Amino acid sequence: MTNCLRKTLPVIITLGEILEDEYQVRTCWDTSKPDAGIMILGDYWPASQLTKNYDLVVRIFREFFDTGNVSKELLN
């Protein structure tokens, strides 16, 4: 990905897991962002669930690759 795109595209990261027979979805959540909706591919997503922090994205993917899971500190 070019640096130009890397700086402008917001990312949403989710992790689905089954806990006690219930499907739960964990995601990044930044409560400092407004509750406004941002359209991505025809769907609105809360700004608080989107990130442009690609270092965080890489950390999440690396942790999932290395361990098969992502800590609650990264995805809550």
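Overview of results
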quantity	calculated
Estimated vicinal HN-Hα couplings, Hz - the range 24-29 in sequence order (Karplus 6.51, -1.76, 1.60; Gly, Pro = x)	10, 10, 9, 8, 5, 9
Potential lengthening between Phe61 and Ser32 on full extension [0.36 nm per residue; Cα-Cα distance subtracted]	8.1 nm
Average silhouette area of the chain, convex hull of alpha-carbon atoms, in square nanometres	6.3 nm²
Helix 54-67 axis, angle to the chain major axis (alpha carbon atoms, nearest 10°)	20 degrees
Mean separation of Cα contacts under 8 Å, 6 or more apart, over the residue count of the chain: relative contact order %	30 percent
Note, ³J(HN,Hα) from phi for the range 42-52, Karplus 6.51, -1.76, 1.60, rounded to Hz, x at Gly and Pro	x, 10, 8, 10, x, 4, 5, 9, 9, 9, 10
Amide hydrogen neighbours beyond the local backbone of Ile38, cut-off 5 Å, H modeled	Trp45, Ala47
Over the chain: helical MRE at 222 nm, DSSP H runs n ≥ 4 each giving -39500 (n - 2.57), nearest 500	-7500 deg cm²/dmol
Range in the chain, longest, excluding exposed trypsin sites (Lys or Arg not before Pro) [loop by DSSP; at most 16 other beta-carbon atoms within 10 Å]	1-51
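Laboratory data are not the source of any read-out in this text; all were calculated from the coordinates shown. Computed from a prediction, not measured in an experiment: that's the story for all the values here. Note: ideal-geometry Cβ built from the backbone for every residue, glycine included; neighbour counts use all protein chains shown.
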